[in-house]
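Below is one structure; the comments refer to it alone.
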Amino acid sequence: MSANLPILPNAISIPARNGTSENLFAAVDIGTNSFKLLVVRADPSTGRFLTVDRFKERVLLGLDTNTTTTSATISNASLLRATTALRKFQKLLQSHRIPSSHSRLVATSAVREASNRSQFLQTIDETLGLKVDVLSGLEEARLIYKGILQFHPVHDRTVLTIDIGGGSTEFVIGKEGQILFSISLALGHVTLTQKFPEVTEMREHIKVIIRASGLNEKVKHYNIDKVIGSSGTIRNIEKAIFRGYASNMEGNVGISEESRRDWSFTTDELKGLVERLSEEERRVGGKVQTQGFFKKRSEFIVAGAVLLEEIFEELKIEEMEVSGYALGEGVIAEKLGEVFDNYDPRANARWRSVTRLATRFNNKQHMKSAALCFSVAKEMFDGLRKGYESGNGSDGFFVSLEDKDLEYLEAACLLQKIGLYAGKKGYHKQSYHIIAKGDHLHGYNAEEVKLIALLVRHHRKKLPECDHVVPEELTEEVLEAGSLPFPGYLLPSVKDFETEHVKELEHFRMVFQERLSIAVTSS
């Protein structure tokens, strides 16, 4: 293995005492278009997991660079790109110190359909010492469905999930975690782009494949409650529709509109997007604008949008919701079930609603920052709780820190920057309004939502005023009990505390470049 590849500076690694990070897990998705590495930190007591890193390498496994056509054989050039990408991922896994039992590498259609599949797997094994599991189409579909269940609270609903990849599209009908029907069709945005330069021929091919599969009859047989799409192609389509690309009205979306966004689009909106994309292709130089909006996916986005439009038409779909999770999260969820006893993927509806809201507004960098923020906050929280439980805090102040307080703190860490969508100025106030005014957090009562929103609102700059600390919405029972329902907020007695601990507070500020707020109540 090359020693010249550096460990990326933005990799986050919090090793355990034995030299490995026991609560870190990883999944590598070896796809037709790109390779993806997902690293998460899991809570063994609850099974919740939080993404701490995502990496993506554009490899185009099925593309023969010499002839610009797709082939059933993985070319030497593609193999070299694949080896280079996986070597980078291997370095990252090592930097995170993830146990080998906590990671899994899976390959999809490009490797599955390759005539030299065995040679590809052997080269990866001999060169890097990495074992790759080649998923069948049905296994891939099952894991995608499992990943979607980690994002959408639809366990008890009959759901049709659709995932468009570079070489195939997976369809699953599931309910209560069980697969009722699944099928993988050889329809992918990369292969369609390479085989069919003309959209008319592409459409006819898509219709033939779907009708021959019997998918239409299977969908009619079940009473589908929701249709959910995953994969980068579908997420890009939703983003383009929401940002006004389909209606030639691109621009900044106001925070009030964005807070109502629910990651979904209708068949009419999809048709409008396909018309706009077709217009851009016909226009001289139009691909420049397309490429600017869809970035590296632009050369395949037309095929992806046309494919999805034909799926909508054939299956009579009127609306699709979009999942932020897919195959990688499904692999992680299954791995957690192997490692943790009594892991229940249906649990933690509250947690899923927090991560869904955070993912909706935060980009990859903000999510990584939020994960690191919570890891630091949790260390401080655990230290304070341990100190007071051991009696070291019995100097006239009492701090009652419970697991629910840590849950509020964790939610606030993930959501603190969602208001940046509207700009840097006053983003903490925008974050507060999205949380407090929107119906996004499920499983929390009104008071708990308010507390999380207030934590986000007052996490920076000056300490909150007393009227901010005790909002009218809090019940009289909480206030009369004299208990502090969440960490990080100060009651009036904090002035005495600050006076007695000036040196400690100043030292903390100098080290962490942040001002410390301690939750205290009179004993």
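The values are calculated or read from the model by the stated rules, or taken from the named source; none is laboratory data. None of the values given here were measured: they were computed from a predicted structure. All Cβ positions, even for glycine, are placed from backbone atoms using ideal geometry, and neighbour counts span all protein chains on display. Please note that ligands, DNA and RNA were not included when accessible areas were found on the heavy atoms of the full protein model with its side chains. Shrake-Rupley method; radii C 1.70, N 1.55, O 1.52, S 1.80 Å.
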With the full set of protein chains in place, find how many percent of the accessible area of the range 98-182 is carbon and sulfur; take the probe as 1.4 Å.
-> 42
Express in nm, to one decimal, how much length is gained between residue 341 and residue 73 on full extension, taking 0.36 nm for each residue of separation and deducting their alpha carbon distance.
-> 92.3 nm
When only DSSP loop residues count, what GluC sites (Glu not before Pro) in the range 189-243 have their Cβ near at most 14 other Cβ atoms within 10 Å?
-> 198
Point-to-point label distance, residue 45-residue 223, nm (Cα→Cβ direction, 7 Å offset) = 4.1
What is the magnitude of the charge dipole of the range 163-209 about its Cα centre, with +1 placed on the Cβ of each Lys and Arg, -1 on the Cβ of each Asp and Glu, and no other charges, expressed in debye to the nearest 20?
-> 60
Would you mind checking the pairs 220/364; 226/364; 239/404; 56/146 and listing those with alpha carbons more than 29 angstrom apart?
-> 220/364; 239/404
